[in-house]
Amino acid sequence: MALERASRIPVEVHRAGHGDEAIMMVQDLEPDLILLDLKMPGRTGLEVLEVIKGDDEFRRIPVALLTSSDRDEDLAQSYGLGSNHFITKPENPAELEQRLRSLSRTWKSCPESAAAAAASKQPRSVPSIPAA
């Protein structure tokens, strides 16, 4: 997967097939980072984002929306609901890997994430919700 290649930090990627499964995974895994597709079966990415950011226990988890949408409304709504990043999927896989590398650098620079990774030396759990 592009995230695994882009990150120098060991990552553990979990994939959900639909929005409700993504919410259950967040509750079970309490991940360090969530990559969320805007368009997915069942609850949309924005609906899942709203649930995550509306929960006191999970709102601290950074969420990056990964989508093929370039609509300004989607961008505005995702940030309005608490998204930390909005990544438009490029057509070129190498460009996606570069964008995820940039996200990884940002994620690593977060003191809370860096401290947790250094303390545990364990792979980070990152749910990834692919498009349908």
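The values are calculated or read from the model by the stated rules, or taken from the named source; none is laboratory data. As the structure is a computational prediction, the values presented were derived from the model and not from experiment. Here the Cβ positions follow ideal geometry from the backbone for every residue, glycine too, while neighbour counts run over all protein chains shown.
Return the residues of segment 44-56 that are out of contact with any helix residue (DSSP H, G or I) (no Cβ under 9 Å at 6 or more places or on another chain) and not in a helix (DSSP H, G or I); say none if nothing qualifies.
GLY54, ASP56, listed by residue number.
Listed here are the residues, each with its yes/no results for (1) of a type outside the set (A, V, I, L, M, F, W, C); (2) over 16 Å from GLY82 (Cβ atoms).
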site: GLN27; (1), (2): yes, yes
site: GLU30; (1), (2): yes, yes
site: PRO41; (1), (2): yes, yes
site: ARG59; (1), (2): yes, no
site: ALA64; (1), (2): no, no
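Does ALA94 satisfy being out of contact with any Gly (no Cβ under 9 Å at 6 or more places or on another chain), surrounded by fewer than 16 Cβ atoms within 10 Å (Cβ to Cβ), more than 22 Å from HIS18 (Cβ to Cβ) and at pLDDT below 50?
no
Does VAL48 fit the bill of being closer than 15 Å to LEU103 by Cα and under 14 Å from the mean Cα position of the chain (by Cα)?
Criteria not met by VAL48.
Please work out which residue is farthest from LYS89 (Cα to Cα), limiting yourself to segment 19-30 and to residues that are modelled with pLDDT of 90 or more and under 14 Å from the mean Cα position of the chain (by Cα).
If we take residues in segment 19-30 being modelled with pLDDT of 90 or more and under 14 Å from the mean Cα position of the chain (by Cα), then LEU29 is farthest from LYS89 (Cα to Cα).
Suppose the filter is within 28 Å of ALA94 (Cβ to Cβ), at pLDDT below 90 and buried (at least 17 other Cβ atoms within 10 Å of the Cβ); does ALA2 pass it?
The answer is yes for ALA2.
So which residues in segment 97-129 are of a type in the set (D, E, K, R) and either under 17 Å from LEU35 (Cα atoms) or at pLDDT 70 or above (or both)?
Answer for segment 97-129, where residues must be of a type in the set (D, E, K, R) and either under 17 Å from LEU35 (Cα atoms) or at pLDDT 70 or above (or both): GLU97, ARG99, ARG101, ARG105, LYS108, ARG124.
Condition (residue is over 13 Å from the mean Cα position of the chain (by Cα), assigned to a helix (DSSP H, G or I), without any contact (Cβ under 8 Å) to a residue 60 or more places away in the chain and surrounded by 17 or more Cβ atoms within 10 Å (Cβ to Cβ)) applied to segment 57-74: is it met by at least one residue?
Yes, segment 57-74 contains a residue that is over 13 Å from the mean Cα position of the chain (by Cα), assigned to a helix (DSSP H, G or I), without any contact (Cβ under 8 Å) to a residue 60 or more places away in the chain and surrounded by 17 or more Cβ atoms within 10 Å (Cβ to Cβ).
Mind checking which residues of segment 81-95 are of a type outside the set (Ser, Thr, Tyr) and assigned to a loop (DSSP other than H, G, I, E, B)?
Passing the criteria: LEU81, GLY82, ASN84, LYS89, PRO90, GLU91, ASN92.
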